[in-house]
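> Sharing a structure here in structure tokens format.
The values are calculated or read from the model by the stated rules, or taken from the named source; none is laboratory data. Bear in mind the structure is a predicted one, so any value in this text is a computation, not a measurement. Please note: Cβ atoms are built from the backbone with ideal geometry, for glycine as well, and neighbour counts cover all protein chains shown.
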Amino acid sequence: MAKSVKDILDLIEKHDIKMVDFKMVDINGQYRHVTIPAENFSEDTLKSGIGFDASNYGYAVVEKSDMVFIPDPDTALIDPFCTVPTLSMTGNAMIIDTPENRPLPQYPRNIIKAAVKAMQDSGVADTMYILPEFEFYLFDTVRWNVDPNFVAFQLDAEQSYWNSGDNGLGVVVPKQKNYHIAKPFDTSYECRSEMCMHMKEAGIEINYHHPEVAASGQFEIEPQLGEVVHMADATMMIKYIIHNTALKYEKSATFMPKPIAGEAGSGMHVHMLLMKDGKPVFSDDNGYAHLSETAHYFMGGLLKHIASLCAITNPSTNSFKRLIPGFEAPVTVGYATSNRSAVIRIPAYAKSPEKRRFELRNPDATCNPYFCYAAILMAGLDGIKNKIDPHENGWGPYDFNLFHLPEEEKAKLKGLPTSLPEALDALEADNDYLIAGGVFPKELIDGFIKSKRAECLEMSKIPHPAEFDKYYNL
């Protein structure tokens with residue numbers, strides 16, 4: 001239900017709000033914010049917005065006009081992490097034009113809204129629902145140094161197997177044995193439960209939370225299916241809540257895909273389905289896995305563009321340390337039912353027509369969620385438009401464990417990119433599906449690639465501690 005200015009003012013009065021905080025998103029998918037005293041909030045705030053410099057947020061802005069951030073009152077919520085009573089809102093970035101403002105094309109929230117409009121204009125569907133799964137680690141301590149004479153990191157999780165000699169109470173979890181483990185080994189249960197309560201207060205419904213595979217403090221929180229723009233906003237808020245609640249419990253949360261060698265990595269699997277006039281577009285009782293031809297074409301688009309998608313869905317050098325065999329992370333371009341080794345998995349438990357769907361398993365939460373979900377939607381729409389059949393293209397279905405194939409058979413399979421530079425090369429060569437209809441501005445993609453290439457070059461110049469182990473005494 002849309003909130004009016006009066007609704008916001010009533011919230012401010014009812015909860016004795018002192019500050020109104022506007023949360024904006026930079027190119028990397030991190031919150032930035034500007035705060036005003038509550039008494040300064042008025043109807044004009046929603047019309048005129050808050051001025052900001054988009055270039056400082058990483059956007060290669062070519063327009064000469066000033067930028068303003070226009071709050072969306074529907075996103076208003078009380079920030080539980082502020083001692084001073086604070087009302088928080090996100091919204092959209094606009095270019096100041098005469099006679100009226102227009103959306104800044106490069107701003108993430110405007111891009112996901114443009115992708116939804118492209119879907120609606122295509123006539124395929126009017127609504128996209130997604131369900132991102134949030135895997136993350138909780139550490140008790142973490143330290144790192146990147147100095148000329150000292151490059152190292154150190155972290156600890158008290159429950160981890162490596163503390164068996166120091167714990168004193170024997171409450172440690174064996175390596176890779178943390179999945180769904182109960183108390184007393186599940187030492188962060190209260191912390192995660194509080195996270196979920198904050199999410200519910202923020203209007204984000206939760207399916208469940210639980211310990212994940214890695215013994216060194218890996219967990220998962222899964223929300224319920226939600227409309228894609230709402231879930232992009234929710235993704236930002238979920239990460240915000242997880243980070244801040246963890247600190248309250250004197251823990252550090254990270255969404256780094258692979259913080260620990262030899263333990264399971266953290267992904268952000270994205271489940272998706274389309275609806276039109278309230279009816280499921282992806283359901284067909286007679287189709288493979290009860291999915292429609294349209295659903296298969298959507299999967300075909302994802303699989304065709306998966307290498308370039310990885311630059312957006314897995315945009316860190318660390319992302320590709322997760323996408324390796326042996327840890328239930330996808331490495332092969334393909335689809336299947338209930339098979340976690342394929343990049344697209346169709347969950348067999350989603351039996352009702354309105355919940356039949358599939359999940360893309362390669363994304364991780366280092367991505368900008370607005371870019372990630374918009375790119376996924378645009379790839380799928382391209383698949384539908386061009387009738388890209390995944391089976392005819394040899395991408396499955398792979399209804400067997402790909403990790404157990406003989407090596408000669410594995411060699412025939414197409415794999416995901418193995419590094420961020422490889423994914424950026426793919427994005428540079430394959431981005432027409434993103435810029436279709438002006439959804440992703442070409443200058444944004446070019447700027448993103450340039451920025452990420454510089455990041456890769458910077459990382460490649462830093463000696464790694466493991467290199468000393470391998471090469472120091474040669």
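> Which of the residues belonging to the range 25-46 are within 22 Å of residue 235 (Cβ to Cβ) and touching a helix residue (DSSP H, G or I) at 6+ places or on another chain (Cβ under 7 Å)?
25, 26, 27, 29, 31, 32
> With 470, 461, 414, 442 as the choices, which residue is in the same structural domain as residue 311 (by TED's automatic domain parsing), of a type in the set (Lys, Arg), touching a residue at least 40 places away in the same chain (Cβ under 8 Å) and under 24 Å from residue 316 (Cβ atoms)?
Just a single option satisfies the conditions, and that option is 414.
> Right, here's the next one. If you scan the range 246-273, which residues turn out to be assigned to a strand (DSSP E or B) and either surrounded by 24 or more Cβ atoms within 10 Å (Cβ to Cβ) or touching a His at 6+ places or on another chain (Cβ under 7 Å) (or both)?
253, 270, 272, 273
> Looking only at the range 334-354, decide whether some residue is assigned to a helix (DSSP H, G or I), out of contact with any Cys (no Cβ under 6 Å at 6 or more places or on another chain), at pLDDT below 95 and not small (Gly, Ala, Ser).
Yes, because at least one residue in the range 334-354 is assigned to a helix (DSSP H, G or I), out of contact with any Cys (no Cβ under 6 Å at 6 or more places or on another chain), at pLDDT below 95 and not small (Gly, Ala, Ser).
> Those residues that are more than 14 Å from residue 211 (Cα to Cα) and either in a loop (DSSP other than H, G, I, E, B) or among the charged types (D, E, K, R) (or both), I need them from the range 163-178; list them, please. Can you show your working first?
So in the range 163-178, the residues more than 14 Å from residue 211 (Cα to Cα) come out as 163-171.
The answer is 164, 165, 166, 167, 168, 169, 170, 171.
> Further question on the same structure: Within the range 301-311, identify whether any single residue is among the polar types (S, T, N, Q) and within 15 Å of residue 347 (Cα to Cα), and answer yes or no.
For the range 301-311, residues among the polar types (S, T, N, Q) and within 15 Å of residue 347 (Cα to Cα): absent.
> Scan the range 233-245 and give yes if some residue there is buried (at least 21 other Cβ atoms within 10 Å of the Cβ) and touching an Asp or Glu at 6+ places or on another chain (Cβ under 8 Å), otherwise no.
yes
> OK, next. Does residue 8 fit the bill of being at pLDDT below 95, surrounded by 14 or more Cβ atoms within 10 Å (Cβ to Cβ) and either among the acidic types (Asp, Glu) or outside any loop (DSSP other than H, G, I, E, B) (or both)?
Criteria met by residue 8.
> Specify which of the listed residues (260, 324, 242) is in the same structural domain as residue 198 (by TED's automatic domain parsing), over 17 Å from the mean Cα position of the chain (by Cα) and either farther than 28 Å from residue 432 by Cα or modelled with pLDDT of 95 or more (or both). Let's see the steps before the verdict.
Numbers: 324 fails: in the same structural domain as residue 198 (by TED's automatic domain parsing); 242 fails: over 17 Å from the mean Cα position of the chain (by Cα).
Answer to the selection: 260.
> Restricting to the range 321-338, and then to whatever is surrounded by fewer than 21 Cβ atoms within 10 Å (Cβ to Cβ) and of a type outside the set (Val, Ile, Thr), can you tell me which residue is nearest to residue 368 (Cα to Cα)?
Within the range 321-338, the match that is nearest to residue 368 (Cα to Cα) is 321.
> Here's a follow-up. Do we find that residue 295 is surrounded by fewer than 24 Cβ atoms within 10 Å (Cβ to Cβ) and either in contact (Cβ under 8 Å) with a residue 60 or more places away in the chain or touching a Pro at 6+ places or on another chain (Cβ under 8 Å) (or both) in this structure?
Against the criterion (surrounded by fewer than 24 Cβ atoms within 10 Å (Cβ to Cβ) and either in contact (Cβ under 8 Å) with a residue 60 or more places away in the chain or touching a Pro at 6+ places or on another chain (Cβ under 8 Å) (or both)), residue 295 does not qualify.
> Since residue 18 meets every condition but one in (1) touching a Pro at 6+ places or on another chain (Cβ under 8 Å); (2) surrounded by 17 or more Cβ atoms within 10 Å (Cβ to Cβ); (3) at pLDDT 95 or above, which condition does it not meet?
(2)
> Here is a follow-up. For the range 84-113, which residues satisfy the criterion of being modelled with pLDDT under 95, of a type outside the set (S, T, N, Q) and surrounded by fewer than 19 Cβ atoms within 10 Å (Cβ to Cβ)?
Scanning the range 84-113 gives 95, 96, 97, 99, 100, 102, 103.
> Just one of 332, 313, 337 is farther than 17 Å from residue 264 by Cα, in contact with a Ser or Thr (Cβ under 7 Å, 6 or more places away or on another chain) and in the same structural domain as residue 418 (by TED's automatic domain parsing); which is it?
Details: 313 fails: in contact with a Ser or Thr (Cβ under 7 Å, 6 or more places away or on another chain); 337 fails: in contact with a Ser or Thr (Cβ under 7 Å, 6 or more places away or on another chain).
None of the others qualify; the one that does is 332.
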